[in-house]
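The values are calculated or read from the model by the stated rules, or taken from the named source; none is laboratory data. Predicted, not measured: the structure shown is a model, and the values here were computed from it. Cβ: placed from backbone, ideal geometry, glycine included. Neighbour counts: every protein chain shown. Each accessible area value is taken on the protein alone, full model and side chains, heavy atoms only, with ligands, DNA and RNA left out. Shrake-Rupley method; radii C 1.70, N 1.55, O 1.52, S 1.80 Å.
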Amino acid sequence: MLGGNVIYSPRESKASNAAGYGVDDEDSPLIQELLARSKENKAKYDKERLDDYNRRNFKEYFDFVVSGPTPAGGPTETQQKMKAWLETNK
């Protein structure tokens, strides 16, 4: 306790209602619903973060590789994938 206030560590996560009483995460249907929704959307959010990262950091590189010289047998699989990525991320 510090100055009469209870300090919870992250492991002692409690949600407070208007009266200030703590609610365990396991007991709160709202928190359980939010956790379930977060788990469902995790893959979607991970993909969005990765796409955004690639768009910000590699777009010029992908464009350079795709527009550069092509091997004698035609574009490589990697170049084809980069070209497709550039088409979807204009």
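Measuring between alpha carbons in the structure, the pairs from Lys47/Lys83; Lys42/Lys90; Lys39/Lys59; Lys42/Lys83 lying more than 21 angstrom apart are Lys42/Lys90; Lys39/Lys59; Lys42/Lys83. Between Thr78 and Ser38, the C-beta separation translates, for a Förster distance of 35 Å, into a calculated FRET efficiency of about 0.55. Solvent-accessible area assigned to carbon and sulfur over region 35-77 amounts to 57 percent, based on a 1.4 Å probe.
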